[in-house]
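Asker: Below is the structure I would like to discuss, written out as structure tokens.
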Amino acid sequence: MSSFIAVGFGHIVSIDALDHLLFLAVLAACYRPRDWRHGLTVATAFTVGHSITLALASLGVIVFDTAVVEFLIPVTIVIAGIENVVQRRDRPGGPARPLLAGVFGLVHGAGFANILRDLFDGGIAMPLLGFNIGIELGQILVLGVLITAFTLVDRAVQFWQPEIIAATRLRSRVASTAVAVVAVVIAAGRTPW
């Protein structure tokens, strides 16, 4: 099982997983450390979504067109980035964001399944569990780094420009726009038609 944990972890923290790293960045962009409860709800919804699809696809219950899934992953990033930019509150909240993360998790799980399916040589339970644990450990590491970096940016903005009251909102919009633009380029390169 440890080898599958390593594969899952490596998949998330690798630069080859740029689309998944960008998704985590856009999810974390609107949060401050004190918003951890809502951020945890969003991360859990994403985990539930990708775990469902990962299990179903890995078991062969459902089969996805890889080209379509690889195209939809950056599309989810663009949509999440737009949601960050247009949100009206200073702080994220409410059920819409976790629901959105759960739906997007379904798409990302299909992408993870394509990787995991190629590694099976026997039973599925332990590889699936190990891979999922590795993904979660990688996400925890990436989110920790991102939230720390975003907090440092907020503090720098407030230090150098104290008149900016909503530094987090400004940072969230700038980061989300930048990530969404990169995701548009990735999606354009993966157009399945």
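Asker: Given the condition over 13 Å from His20 (Cα atoms), in a helix (DSSP H, G or I) and touching a residue at least 12 places away in the same chain (Cβ under 8 Å), answer yes or no: does some residue in region 156-163 qualify?
Answerer: yes
Asker: Another question, then. Please work out if Ala166 is at pLDDT below 90 and over 17 Å from Asp19 (Cα atoms).
Answerer: Judged against the criteria, Ala166 is a match.
Asker: OK, next. Quick one: Thr66 ticks every box in (1) out of contact with any Lys or Arg (no Cβ under 6 Å at 6 or more places or on another chain); (2) modelled with pLDDT under 85 except a single one, so which number is it?
Answerer: (2)
Asker: Can you work out which of the residues in region 1-37 that are more than 18 Å from Ala113 (Cβ to Cβ) and without any contact (Cβ under 8 Å) to a residue 60 or more places away in the chain is surrounded by the fewest Cβ atoms within 10 Å (Cβ to Cβ)?
Answerer: Once the filter is applied, the top-ranked residue is Ile15.
Asker: A follow-up question, please. For region 46-71, which positions are under 15 Å from Val103 (Cβ atoms), in contact (Cβ under 8 Å) with a residue 60 or more places away in the chain and surrounded by fewer than 21 Cβ atoms within 10 Å (Cβ to Cβ)?
Answerer: Of everything in region 46-71, those that are under 15 Å from Val103 (Cβ atoms), in contact (Cβ under 8 Å) with a residue 60 or more places away in the chain and surrounded by fewer than 21 Cβ atoms within 10 Å (Cβ to Cβ) turn out to be Thr47, Ser51.
Asker: Determine which member of the set Ala187, Ala175 is surrounded by 16 or more Cβ atoms within 10 Å (Cβ to Cβ), farther than 20 Å from Ala29 by Cα, at pLDDT 90 or above and under 17 Å from the mean Cα position of the chain (by Cα).
Answerer: Checking each option against the conditions leaves just Ala187.
Asker: So which pairs qualify, if the first residue must be in region 73-94 and crowded, with 20+ Cβ neighbours inside 10 Å, the second must be modelled with pLDDT under 95 and acidic (Asp, Glu), the Cβ gap must be under 6 Å, and the two must be at least 6 apart or on different chains?
Answerer: Sorted first by the residue in region 73-94, then by its partner, the pairs are Ile73/Asp19; Pro74/Asp19.
The values are calculated or read from the model by the stated rules, or taken from the named source; none is laboratory data. Just so you know, these numbers come straight off a predicted model, no measurement behind them. So basically every Cβ, Gly included, is an ideal-geometry build from the backbone, and we count neighbours across all protein chains shown.
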